[in-house]
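Student: Take this structure first; my questions come after.
The values are calculated or read from the model by the stated rules, or taken from the named source; none is laboratory data. This one's a predicted model, so the numbers in the text were calculated from it and none came from an experiment. We place every Cβ from the backbone using ideal geometry, glycine too, and count neighbours over all the protein chains shown. When the accessible area is computed, the model is the full protein with side chains, heavy atoms only, and any ligands, DNA or RNA have been set aside. Shrake-Rupley method; radii C 1.70, N 1.55, O 1.52, S 1.80 Å.
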Amino acid sequence: MQLFVVNIGEQVSKTYDELLIDLNQPELACPSSMNTTNIYEFYLQLIVSMILDKPFQIKGVGTSDNVYHNPYRFNSIDEVISRIKKNTHWQLEMETSGTTGLPKKVTHTFTSLTRNIKMNERRRADVWGLAYNPTHMAGLQVFFQAFLNKNTIVNLFGLSRDQVYEQIEKYNVSHISATPTFYKLLLPAKTVFHKVQQITFGGEKFVEGLQMEMKKIFPSARFTNVYASTEAGALFAANGNIFSLSEKNKSYVKIVEGELWIHKSVLSESSDLKLQDDWYASGDMVEVIQEVPLTFKFLARKNEMINVGGSKVNPNEVEELILKLNGVKDVKVFGKENSLMGNILCADVVSEMVTEKEIKSFLKNHLPGYMVPRIIKFVPEIAMTATGKKSRV
Amino acid sequence: MEKIIEIIRRVLENNDKTFNGTFEAQSSLRSDIGLDSLDLAELTVIIEEEYGVDIFEDGFVETVGDIMAKISK
C-alpha cells in the first residue's frame with residue numbers, strides 16, 4: 001500500500017489506492033478555487049481540476065462547489081497521470097507571497113509548473129518531506145515532483161521540532177526541500193538521518209555555515225540551493241550560494257545595476273507583472289563574480305534593504321555576522337521607522353549566552369556604525385511568515 | 001529629569017562613550033554630551049518606549065531641556 005500523503009498535524013494519512021477510489025467516483029466536485037485547508041482535500045481538488053481540464057485558483061478559501069459527471073474510469077495512478085498530461089485548458093492562478101510588497105497575481109500552466117520536475121523509475125522510492133506551505137509555489141513544486149513519481153508526501157510544515165524529527169524517522173523521508181529558517185529549527189542536532197539523500201535549500205538567502213551543520217544531521221545527503229520564484233517557478237540550482245549559469249539559462253537572465261532580471265519566456269502567463277521590454281525585474285540583488293560563464297551570488301531582496309540615514313543596510317549581512325558569535329541560535333535584523341534617521345536598525349536575538357554589549361562591540365569591529373543595530377532584544381524564537389521565511393517587520 | 005539623564009547615560013554606555021560634565025537643562029545633546037545622530041536615534045526609540053512620545057517628530061531637539069519639554073506635553 002503506497003502512501004500518498006501523511007499529515008500528522010491533521011491526522012490524515014491517505015494511500016494512492018484511496019486516492020484512486022476518490023478519483024473514480026461517478027461525480028467529481030471541482031470548485032473553481034480551493035475551498036479547503038486540509039492538505040489531502042486540496043491535492044484532490046487540484047488533481048480533479050487537472051483531470052477535468054478546468055482552471056483552478058489558489059486564494060482565500062472560496063465557496064463555489066461545482067460538481068461534474070466523471071467520464072473516466074482509472075485503473076491506475078499512471079492512467080491518471082497520462083490523462084493530466086494531455087490537458088490543454090487547465091491553468092493555475094495564484095498570488096506571490098508578498099513577503100515584501102503587495103502580492104501579485106500569476107497564472108501557470110502544467111508546462112510552466114513542471115518544467116523542472118524529473119520523472120523516472122529511479123525516483124519511484126523517494127519519500128518527500130514537505131516543509132513548505134502546500135499552496136505556495138515551492139510547496140506545489142514538491143507536490144508535482146512527488147505525485148508524478150508516485151512518491152509519498154510527508155508533511156513537515158507547521159510541525160514542532162520534535163514532530164519533524166519523528167516524522168522523518170518514521171516514514172524514512174529521503175528528500176527534503178525547505179527554507180534555511182526551517183533547517184535552523186532542527187539545530188542543535190538530535191539524531192543523524194542516514195537515509196536522507198537530498199537536502200534542498202530555497203526561498204531565502206542561503207546561509208553560509210548552515211550547510212555544514214546540516215551535513216552532521218544528514219551525512220549521506222546531496223545539498224542543493226535552488227533559486228525559484230512564484231513568477232518563474234524553479235529556475236536554476238547551485239551547490240552553495242554561487243550560481244553558475246549554463247548557456248541555455250544564461251539567455252533567460254540579465255543583471256542590471258546589481259539586480260537580477262528574468263526574461264518573459266520563462267515567466268508564468270501573468271497579467272500583474274510589470275515587464276520592461278520583455279524583462280522582469282526580480283527584486284533580487286546579486287553580486288557578479290565572473291562574467292563567463294555568468295556566475296553570481298545572491299545578496300538580498302531589493303526591498304529588504306534598510307535605509308538608515310541615507311545609507312543602505314543589507315540585513316542579511318548583519319545577521320550573518322551576529323550568527324558567528326558563540327551561542328547565538330538565531331537572529332533577525334530589521335528596520336524600525338525613526339523620525340530622525342528614516343530607520344533605526346534593530347535586532348532580535350535568540351541566545352542565552354551573549355550580552356547586548358558583546359554583540360555591539362563585536363559588530364563595531366567589523367562594520368560601519370550605521371550597520372550596527374542600535375536596539376537589541378533577546379527573544380525566545382524568531383517568527384516566520386506563512387511561507388516559512390523570516391518576517392522582517 | 002533624573003529618568004531622562006539615566007536614559008542618556010544608558011545610550012552613552014551602550015556605545016562606549018562617557019560624559020564627565022554635569023547634566024543641565026541647557027546641556028547640548030550633541031556638542032556638550034557628545035551624542036551623534038545614531039545615538040540620538042537610539043535615544044528617541046528608548047524614550048518613545050518609556051513615554052510614548054517621539055521627541056523628533058516635529059522640529060529639532062537640541063538640549064536636555066528640549067526633551068523635558070517634549071515629554072511633559
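Student: Cβ-Cβ distance below 6 Å, separation of 6 or more or different chains: which pairs start in the stretch A:360-371 with a residue that is free of Cβ contacts under 8 Å to residues at least 24 places away in the same chain and under 14 Å from residue A:317 (Cβ atoms) and end on one that is hydroxyl-bearing (Ser, Thr, Tyr) and surrounded by 13 or more Cβ atoms within 10 Å (Cβ to Cβ)?
Tutor: none
Student: So, in the stretch B:47-59, how many residues would count as being more than 8 Å from chain A (Cβ to nearest Cβ) and either surrounded by fewer than 16 Cβ atoms within 10 Å (Cβ to Cβ) or touching a residue at least 24 places away in the same chain (Cβ under 8 Å) (or both)? Lay out the reasoning, then the answer.
Tutor: From the stretch B:47-59, those more than 8 Å from chain A (Cβ to nearest Cβ) are B:47-53, B:55, B:58-59; that's our starting set.
Keeping just the survivors that are either surrounded by fewer than 16 Cβ atoms within 10 Å (Cβ to Cβ) or touching a residue at least 24 places away in the same chain (Cβ under 8 Å) (or both) gives B:47, B:49-50, B:52-53, B:58-59.
Summing the residues that are more than 8 Å from chain A (Cβ to nearest Cβ) and either surrounded by fewer than 16 Cβ atoms within 10 Å (Cβ to Cβ) or touching a residue at least 24 places away in the same chain (Cβ under 8 Å) (or both) in the stretch B:47-59 gives 7.
Student: Let me ask you something else. Tell me, which residue of the stretch B:34-46 that is within 11 Å of chain A (Cβ to nearest Cβ) and small (Gly, Ala, Ser) is least open to solvent (accessible area, probe 1.4 Å)?
Tutor: In this case the residue turns out to be B:41.
Student: Sticking with this structure for a sec: Is there a residue being touching a residue at least 60 places away in the same chain (Cβ under 8 Å), among the aliphatic types (A, V, I, L, M), part of a strand (DSSP E or B) and within 14 Å of chain B (Cβ to nearest Cβ) anywhere in the stretch A:306-325?
Tutor: yes
Student: From the set of residues in the stretch A:335-373 that are open to solvent by 50 Å² or more (accessible area, probe 1.4 Å) and part of a strand (DSSP E or B), which is farthest from the other protein chains (Cβ to nearest Cβ)?
Tutor: Result: A:337.
Student: While we're on this one: Mind checking which residues of the stretch A:160-185 are in contact with a helix residue (DSSP H, G or I) (Cβ under 6 Å, 6 or more places away or on another chain) and either modelled with pLDDT under 90 or aliphatic (A, V, I, L, M) (or both)?
Tutor: A:161, A:180, A:183, A:185
Student: Another question, then. Applying the selection to the stretch B:1-33, what residues are within 14 Å of chain A (Cβ to nearest Cβ) and in a loop (DSSP other than H, G, I, E, B)?
Tutor: Matches in the stretch B:1-33: B:15, B:16, B:17, B:29, B:30.
Student: Within the set of pairs 6 or more residues apart or between chains, which connect a residue that is farther than 11 Å from residue A:186 by Cβ inside the stretch A:151-171 to a residue that is assigned to a helix (DSSP H, G or I) and at pLDDT 95 or above with Cβ atoms less than 6 Å apart?
Tutor: The qualifying pairs are A:153/A:146; A:154/A:167.
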